[in-house]
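Take this structure first; my questions come after.
What follows draws every value from the coordinates through simple rules; no lab data is involved. As the structure is a computational prediction, the values presented were derived from the model and not from experiment. Virtual Cβ from ideal backbone geometry, glycine too; neighbours counted across all protein chains shown.
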Number of protein chains: 2
Amino acid sequence: MNVLGNPLGVQLLAEVWECNSDKLNDVKTVEEVMVRAAEKSGADIREVVFHRFEPQGVSGVVVISESHLTIHTWPELGYAAVDIFTCGERVNPWDALESIAQELDAEEAHAMEISRGMKNLSRLKKKMDRSKE
Amino acid sequence: MNVLGNPLGVQLLAEVWECNSDKLNDVKTVEEVMVRAAEKSGADIREVVFHRFEPQGVSGVVVISESHLTIHTWPELGYAAVDIFTCGERVNPWDALESIAQELDAEEAHAMEISRGMKNLSRLKKKMDRSKE
């Protein structure tokens, strides 16, 4: 714990490569993969929206009580851009990512974990100034 | 242009602070703000999903042909976590963010721009190895 506090949310930005192209191009499969990942991570699913694009590619979002999971696929490249944004201690976004990478037969995946909603110094300073008034 | 090519998508991760708390807590307002931002950026809107949480906070997604916009709000902190993910040259995610920050009366906002889907060296190497076979 430091002066900037704890993050309000944790976000994984995952670059998932060398996936099964047929799976990436099948909207039903991608939707099922994402929903199962949300379930495995312990998330509470609120809404599921998926689209298939012409000539190829799928985009989709799973809105969860704890924030969201998104995916955009490029079947011709074997690539999927996956985001997993979670709040609270209960849901582990890495569990969701592991499930997605496995189910898409990814041979390569890397991710960055980003802390969202860290307090910022100027905001803390304003608060301190206000409390002095 | 380098060996890693051009990104497939561009994503803004925006930390938007000191917003109007009443706006952040009103699901209809947040939805309108996000839809207008998508329109101003030139995006083609596919689907709009917003939820209000108890006791406070709004989460929402605008799915666009060019990827997505998401928001999660903490009215009690005046904070919104905004993501804008776009593909192609036509949509400018910064236009969307400017619109969102203005409409939420944000006094402070900062964002990182992240390139998604850059080629990676191991993938290129495999391709070269294959072409030699």
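Please sort by residue number the chymotrypsin sites (Phe, Trp or Tyr not before Pro) in segment B:1-84 whose DSSP state is loop and whose Cβ has at most 13 other Cβ atoms within 10 Å.
Values: sites: B:17, B:50, B:53, B:79; in loops: B:53.
Passing sites in segment B:1-84 do not exist.
If you don't mind, there's one more thing I want to ask. From the helices alone, meaning DSSP H stretches of at least four residues, give me the mean residue ellipticity at 222 nm for chain A, per-run term -39500 (n - 2.57), in deg cm²/dmol to the nearest 500.
Details: 4 runs with 41 residues, N = 133.
It comes out at -9000 deg cm²/dmol, rounded to the nearest 500.
Taking only Cα atoms and a 10 Å spring cutoff, compute GNM fluctuations for chain B and point out the largest among B:96, B:38, B:109.
B:109
Considering chain A as a Gaussian network with a 10 Å cut-off on Cα pairs, which listed residue, A:75, A:55, A:93, attains the greatest mean-square fluctuation?
A:55
Further, regarding this structure: With every atom except the alpha carbons ignored, what do you get for Rg and Dmax of segment A:1-51, in angstroms?
Using the Cα atoms of segment A:1-51, the pair Rg, Dmax is 15.4, 48 Å.
Follow-up question, since we're still on this one. Per residue of B:85-97, what is the mean number of Cβ atoms on other protein chains within 10 angstrom of that residue's Cβ? If you can, show how the numbers build up before the last one.
Details: counts 6, 0, 5, 0, 0, 0, 0, 0, 0, 0, 0, 0, 0.
Other-chain Cβ atoms within 10 Å of each residue's Cβ, averaged: 1.
Which listed residue (B:73, B:87, B:120) has the Cα farthest towards the positive end of the charge dipole for segment B:68-133, taking +1 on Lys and Arg C-beta and -1 on Asp and Glu C-beta about the Cα centre?
Going by the charge dipole, the pick is B:120.
Rounded to whole Å, how close does chain A get to the rotation axis onto B by Cβ? Give me the residue too, please?
Per the Cβ-to-axis criterion, the result reads A:61, 2.
Mean-square fluctuation check for chain A, GNM, Cα pairs under 10 Å: which of A:40, A:28, A:119 is largest?
A:119
First select every other residue whose beta carbon is under 13 angstrom from the beta carbon of residue B:61; then total the charges, Lys and Arg +1, Asp and Glu -1. Present the calculation step by step, with values, prior to reporting the outcome.
On the way: positive: A:46, B:46; negative: A:47, A:83, B:31, B:47, B:83.
In short, -3.
Continuing with this model, one more query. Using a 7 Å offset from Cα along the direction of the beta-carbon, what are the separations from residue B:44 to the same position in each other copy, nm, ascending?
Computed spacing set for this position: 3.7 nm.
So which aspartates and glutamates can residue A:119 reach, going by Cα to Cα under 19 Å and dropping same-chain residues fewer than 8 places off?
By straight Cα distance, residue A:119 reaches A:89, A:129, B:15, B:18, B:76, B:83, B:105, B:107, B:108.
Now for a different question. First obtain the Kirkwood hydrodynamic radius of the protein assembly as shown from its Cα pairs, then insert it into the Stokes-Einstein equation at 4 °C and 1.567 mPa s, and state the resulting D in µm² per second as a whole number. Before the final figure, lay out the partial values.
On the way: Rh = 19.0 Å.
Result for D is 68 µm²/s.
Compute the distribution of all C-alpha to C-alpha distances in chain A, in bins of 10 Å from 0, and list the percent of pairs in each, rounded to whole numbers.
It works out to 13, 39, 25, 12, 8, 3, 0, in whole percents.
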